[in-house]
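Colleague: Encoded as structure tokens, here's the structure I'll be asking about.
None of the figures in this text is laboratory data; all of them are computed from the coordinates on show. If you're wondering where the values come from, they're calculated on a predicted model, not measured in any experiment. Positions of Cβ are backbone-derived with ideal geometry, glycine not excepted, and every protein chain shown enters the neighbour counts.
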Amino acid sequence: MDRTLKSLSLILSYPTRELQQAMPEIGGVLASDSRLTATARRALRPLVEELRTRDIYDLEEQYVLLFDRSRTLSLNLFEHVHGESRDRGGAMVSLVETYRDGGFEPVTSELPDHLPVLLEFLSTVPFVEAQETLADAAHIFDALNARLVRRESPYGAVFATLLQLSGVAADKEAVAELLEQPELDPDDLEALDAVWEESEVRFGPDPNAGCPQVRDILARMDEPLDRASGVAAE
């Protein structure tokens, strides 16, 4: 197992007391990975420390405000690819089949394209394969990092780390397109309701979905548009 990808998966999961207890080990894994630059390892420390020491209720509230109530910070990757179009259903089915082909059965109520779930899967495959998938999502990581840095959130360091692990530079035009999406104040509930009021998403079988590999599903992610349990990294 790739302990760094597993650790990043856990860090991006909904905060729990179990996750807090595991943070010293998770921090140690990230601090010792020579694939990460000294700058990347240093940038992750504030988040590791915050997740370890901050009040759990504050952490939960912060997580919900960032990732559950802000569409432009969604951890569901296909949200940034297909939005709520019907194409998302076929892509989701194909991703589930890819997981099953790899013997991976997520134990969570999250959608298959939820980034912590994907990272957990990628931690079980050879890094060269995982890196190809990360590279396909590089522009999303770059855009999420930019938005989180703007909010002065330490979570931005996770996406900067994923971008580094991808081994590529994000496509500037694709990043710019994502950053053009308007950011709404999470406290503006009326505006948020309006944004999330979309057409129905169907996740049933798609006769044209096929069963491509995960990197094919995520490739060129700029085309048209419960919680994971907190356990120590193995």
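Colleague: Show me the ranking of peptides 68-75, 169-176 by mean Cβ neighbours inside 10 Å, starting with the highest.
Modeller: Going by the mean number of other Cβ atoms within 10 Å, highest first, we get 68-75, 169-176.
Colleague: Let me ask something else about it. I'd like the per residue volume of the convex hull spanned by the Cα atoms of the stretch 79-148, given in cubic angstrom.
Modeller: Enclosed volume per residue, from the Cα hull, is 104 Å³.
Colleague: What is the calculated FRET efficiency for Glu49 to Thr72, with r their C-beta to C-beta distance and R₀ = 30 Å, to the nearest 0.05?
Modeller: 0.70
Colleague: Efficiency by 1/(1 + (r/R0)^6): what FRET value for Arg35 and Ala146, r their Cβ-Cβ distance, R0 = 22 Å, to the nearest 0.05?
Modeller: Efficiency computed from Cβ-Cβ geometry: 0.45.
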